[in-house]
Amino acid sequence: MPDEEPQDPAEPPLDDLEDDTVGQDAPPGAVDDEPEHTAIAAPAAMRRTSGVLDALPDGDPEAAGDVAAVAAVDSGPVIEPPGERVAIGRRARRASRAERIHDQPTQQLPATRALSSSAGGTEDTRGSSATATTPVEALRAEEVVRTRMFLKICIVIVAAALIAAAIAGGDPVARLVVSAGCAIVALAAAWLLHVTRDPAKFTTQRLAITAVLVAIGAYGGVYYWGVVSPATAIIVYGIYFFSFGASAGATLGLYLFCAFLQIVVSTPVILGWVVDRSLIKTSQMSLREQLMSQAVVQFLYLCAYVTARAGRKTLLDAVEQLEKAVRAVSQREALLAEARAELDRALRVGGPGRYTDQVVGSYRLGLLLGRGGMGEVYEAVSVHDGTEAAVKLLHGGALSDPQQVKRFLRETEAAAKLDSPNVVAVLEVGTTTGEIPFLAMERLRGHDLAYHLRRRRKLALAQVVALVRQVGTGLRAARAAGIVHRDIKPHNLFLAEQGGVASWKILDFGVSKVGRSGTLTRGHVVGTPGYMAPEQARGDEVDWRADLYALAALAYRCTTGHPPFTGKDVPTTLYDVVYKMPTRPSILAEVPDDIDRVLAIGMAKQADDRFGDAEELADALVAAATGALPEGLRLRADALIERHPWGHRL
């Protein structure tokens, strides 16, 4: 940034200051300021830079090409300095449109529609295999339990009806009919009870078949007891129960079927076409009385149907209102946590530190930029040529912890191996006269991704593509050097501005895996839970594909405005990472279905199912935004989504 704005220095790359990492060597401290829960973290340095230019540097021809491809369909917000609108790429003018902000926690939104495939979509009938986290899903889960209860009651009624028929006697033919009807009801109820032991097998089709069989069997009882007997109350009860179901078409069909059966059974008896073999005969009633009684029965059927449908709608509306209230409270709590984290930063940084004005290596230290559980970061200038730098020193107390020292040295080893414009540059490493290790890095001015997401919640799609390309370049360099970062997250991606050009840089290699050596963290889960690859969350061996997963998870976060996983605590989040797919992106943001497909591949549970590198991910995002996603990728993504649907547990 210009020299006339010294009040806005940006923090340098940090490992211990923004380290939402899990693991034996993670530093103690406060929670992260991302809305999702993370593991142990240390307070971050205060973000005090002025606004930076957007994520697409003017001199990047690939980024400019992406903007040209995506701009027509991208209407998201841009990263802009206060009071100034910033254009993307070559200052392409955008049509303004209010950003739709979703206020739902991501982990509470299952998919509500199936992703249409190239061959046409099909209804997802997995039922309760998904977490019941919306009103519709909650009522569906309740319907499974309620149906099983109703079926058990049906079996009890069948037993009671057989006993009553044996005691009451009556016409042998009528007794045979009621016995057959009871058998049909019992078999249908027992079949659906058996099938729905696994709630995932509960489907509208199976429920409809059972309902039809139960209705047919129940009319055996109506024939035995009489078409104007109290037996018709059983039909009213059944209509009310089934009409409370999810499928409006199926419930209407069942009501009409019962009304039709009532006419079929009663009309021949009333008109004398068949012998009335029931216990409660209608022969003593006039024709007018019989017709009126049937009209009353039909009216009761209609009332049962209408009341059940209205009751379902009222219940659904009430649950939705409750859910909105819970979401609003959760959002306010998240905002309050962010405000507390920002206050914590403000109180900890910006003034002189214990090493201010001392010379460390080739640099004289200035004001403190950040402090964490493991070390401190100072602004610094070279005593030789006055160039700026940022110097990180290990806390004196951390020297007594071999794990902390090893982690610091690992960061220096990893960062020193990398030479990429998208990885923070290491200028010097060494020890002070007091034998305290230090690491001098290039001075960055700007803000990290977490800062931008707090301001705008999500990025424009063209900015997401630029981020993926540039961070992917840094990850490619890390892969070539045999390094796995293992902690790609918003706080470790920094949008640095220099000479009017902004570019993304990867920070913090403190929990990285260098080469094949992993003894420092072997057997432990390290990283930030919400952005970990499943294999990393399990504590398994990881490679560069874990970083690629984290980059896709960041693209999900930037595109939708929601982290992919936000469990109430670290174990819950880790479980969800391994065993659950996040909410479908197109539910959270207005993006094409092809974006869902691209992110499904990028965040695949199996490493072999992911993209080959970040360049492929970025190209696929551009193609998805413009409707040009190759058919092969569509089919590949649809197969993954069929295997691991959005919003469902595995």
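Within the set VAL275, VAL296, the sole residue that is exposed (fewer than 13 other Cβ atoms within 10 Å of the Cβ), more than 45 Å from the chain's Cα centre (by Cα) and assigned to a loop (DSSP other than H, G, I, E, B) turns out to be VAL275. In this structure, is ALA496 closer than 30 Å to VAL391 by Cβ, touching a residue at least 40 places away in the same chain (Cβ under 8 Å) and part of a helix (DSSP H, G or I)? Considered against the rule, which asks whether it is closer than 30 Å to VAL391 by Cβ, touching a residue at least 40 places away in the same chain (Cβ under 8 Å) and part of a helix (DSSP H, G or I), ALA496 comes out as no.
No other residue among ILE601, ILE595 is in contact with a Pro (Cβ under 7 Å, 6 or more places away or on another chain) and among the aliphatic types (A, V, I, L, M) apart from ILE595.
Only residues that are assigned to a loop (DSSP other than H, G, I, E, B) and among the aliphatic types (A, V, I, L, M): list them for region 182-238, please. Of everything in region 182-238, those that are assigned to a loop (DSSP other than H, G, I, E, B) and among the aliphatic types (A, V, I, L, M) turn out to be VAL227, VAL228, ALA231.
With a requirement of 1 or more residues that are farther than 27 Å from VAL622 by Cβ, of a type in the set (Phe, Trp, Tyr) and in contact (Cβ under 8 Å) with a residue 24 or more places away in the chain, the strands (runs of 3 or more DSSP E) lying completely within region 374-478 that satisfy it span 375-382, 437-442. Between LEU315, LEU335, the distinction of being modelled with pLDDT under 80 and not polar (S, T, N, Q) belongs to LEU335 only. For region 297-323, residues that are touching a Ser or Thr at 6+ places or on another chain (Cβ under 7 Å) and without any contact (Cβ under 8 Å) to a residue 60 or more places away in the chain total 0.
Checked against the criterion of being surrounded by 21 or more Cβ atoms within 10 Å (Cβ to Cβ), touching a Cys at 6+ places or on another chain (Cβ under 9 Å) and in the same structural domain as PHE509 (by TED's automatic domain parsing), region 437-450 contains one or more residues that satisfy it. What residue, of LYS406, LYS392, is within 14 Å of GLY510 (Cα to Cα), among the charged types (D, E, K, R) and touching a strand residue (DSSP E or B) at 6+ places or on another chain (Cβ under 9 Å)? Exactly one of LYS406, LYS392 is within 14 Å of GLY510 (Cα to Cα), among the charged types (D, E, K, R) and touching a strand residue (DSSP E or B) at 6+ places or on another chain (Cβ under 9 Å), namely LYS392.
Contact annotation: residue pairs with Cβ atoms under 7 Å, 6 or more positions apart or on different chains, pairing a residue in region 247-272 that is more than 21 Å from LEU316 (Cα to Cα) with a partner that is among the hydroxyl-bearing types (Ser, Thr, Tyr) and outside any helix (DSSP H, G or I), are VAL269/THR282; ILE270/THR282. THR572 passes every criterion in (1) at pLDDT below 90; (2) over 15 Å from the mean Cα position of the chain (by Cα) apart from (2).
ARG354 passes every criterion in (1) at pLDDT below 70; (2) within 30 Å of GLY434 (Cβ to Cβ) apart from (1). Exactly one residue out of ALA165, ALA98, ALA186 is more than 18 Å from the chain's Cα centre (by Cα) and at pLDDT 90 or above, and it is ALA186. At least 1 residues being in contact (Cβ under 8 Å) with a residue 40 or more places away in the chain and either surrounded by fewer than 18 Cβ atoms within 10 Å (Cβ to Cβ) or not assigned by TED's automatic domain parsing to the domain that holds VAL468 (or both) is the threshold, and among the helices (runs of 4 or more DSSP H) wholly inside region 536-644 those reaching it are 570-579, 614-625, 631-643. Only one entry of TYR549, TYR579 meets the criterion of being at pLDDT 90 or above and within 27 Å of ARG455 (Cα to Cα), and that entry is TYR549.
Rundown of residues vs (1) of a type in the set (A, V, I, L, M); (2) out of contact with any Lys or Arg (no Cβ under 7 Å at 6 or more places or on another chain); (3) under 30 Å from PRO585 (Cα atoms), yes/no style:
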residue: ALA380; (1), (2), (3): yes, no, no
residue: LEU409; (1), (2), (3): yes, yes, no
residue: LYS417; (1), (2), (3): no, yes, no
residue: LYS458; (1), (2), (3): no, yes, yes
residue: GLY472; (1), (2), (3): no, yes, yes
residue: HIS485; (1), (2), (3): no, yes, yes
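When the residues of region 235-260 are filtered to those that are under 26 Å from GLY272 (Cβ atoms) and among the aliphatic types (A, V, I, L, M), which remaining residue is surrounded by the fewest Cβ atoms within 10 Å (Cβ to Cβ)? Here the residue is ALA259.
The values are calculated or read from the model by the stated rules, or taken from the named source; none is laboratory data. Small disclaimer: the values here were computed from a predicted structure and weren't measured. Here the Cβ is made from the backbone with ideal geometry for all residues, glycine too, and neighbour counts use every protein chain on show.
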